[in-house]
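See structure below.
The values are calculated or read from the model by the stated rules, or taken from the named source; none is laboratory data. As the structure is a prediction and not an experimental result, all values here were calculated from the model. With ideal geometry, Cβ positions are generated from the backbone for all residues, glycine too; neighbour counts draw on all protein chains shown.
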Amino acid sequence: MKKIALFASGSGSNAENIILYFRNKNGEKNEAKIEFPLIVSNKADAYVHERAKKLGVLSFTFSKADFETGNVLQHLQALGIDGIVLAGFLLKVPDNLLQAFPDRILNIHPALLPKFGGKGMYGSHVHEAVVANKETESGITIHSVNANYDEGAIIFQAKCPVLPTDSPDDVAAKVHALEYKHFPEVVEAFFQ
């Protein structure tokens, strides 16, 4: 059974969706052979901790310094973690984690990279930029994580139309639907 840590900075809806997908998939046969015993956040007040509690999953908050000094890495290693999924995690992944989990860190971005990626491009900022630039489509990009924001190898993309009348909230709703549909399946394929 592979143990994957989920990293989230906010609401945690993608983290919850992934956990529930694998719980349903694993059932008694453990078909997927992947579990998510831990949620890591950089924000103590993030709603993801409430979701974790409801799901019976451990969750911890670490400071930015904890990530950079290796305290988070030590914690992950002590729990036997095999990989990491970023599900709305806003900090840059430090080198110590990149080296400890080479090609075993996966991220989702709410746009079709390479457009609208990079530092500061997350959540509503992305959807606002998509609408402001009069894009005709948006979507999701699931990619491996490297030392640069949103520049890892693209694993999967899915598109949705952006209508001239769409607000950033409309685009966000379409993108969230793609995230919920595709992210768990891509996580499963990636870690198997």
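Hey, can you tell me all the residues within the stretch 42-77 that are of a type outside the set (Gly, Ala, Ser) and either outside the structural domain of LEU90 (by TED's automatic domain parsing) or not in a helix (DSSP H, G or I) (or both)? Those that are of a type outside the set (Gly, Ala, Ser) and either outside the structural domain of LEU90 (by TED's automatic domain parsing) or not in a helix (DSSP H, G or I) (or both): ASN42, LYS43, ASP45, TYR47, VAL57, LEU58, PHE60, THR61, PHE62. Considered as a group, the residues in the stretch 154-171 that are of a type in the set (Val, Ile, Thr) and not in a loop (DSSP other than H, G, I, E, B) include one that is farthest from ALA129 (Cα to Cα), and that residue is ILE155. Taking only the stretch 78-117 into account, find how many residues are assigned to a helix (DSSP H, G or I) and among the aliphatic types (A, V, I, L, M). Qualifying residue count for the region: 4. Residues in the stretch 119-152 that are assigned to a loop (DSSP other than H, G, I, E, B) and under 15 Å from the mean Cα position of the chain (by Cα): MET121, TYR122, VAL145, ASN146, TYR149, ASP150, GLU151, GLY152.
Checking each residue in the stretch 71-81 for being buried (at least 16 other Cβ atoms within 10 Å of the Cβ) and out of contact with any Asp or Glu (no Cβ under 6 Å at 6 or more places or on another chain) picks out LEU73, HIS75, LEU76, ILE81. Within the stretch 118-143, being buried (at least 19 other Cβ atoms within 10 Å of the Cβ) and closer than 30 Å to GLN192 by Cβ holds for TYR122, VAL126, SER138, GLY139, ILE140, THR141, ILE142, HIS143. Yes or no: ALA147 of a type outside the set (Asp, Glu) and under 16 Å from ILE105 (Cβ atoms)? Criteria met by ALA147. Pairs meeting the criteria (first residue in the stretch 67-88 and within 20 Å of PHE191 (Cβ to Cβ), second residue charged (D, E, K, R) and part of a helix (DSSP H, G or I), beta carbons under 6 Å, at least 6 apart or on different chains) are VAL72/ASP66. Selection of first residues in the stretch 164-190 that are among the basic types (Lys, Arg) and of second residues that are not in a helix (DSSP H, G or I), restricted to Cβ pairs under 6 Å at least 6 apart or on distinct chains, gives the following pairs, ordered by first then second residue: LYS174/CYS160. Report yes if LYS174 is surrounded by 17 or more Cβ atoms within 10 Å (Cβ to Cβ), of a type in the set (D, E, K, R) and part of a helix (DSSP H, G or I), otherwise no. The answer is yes for LYS174.
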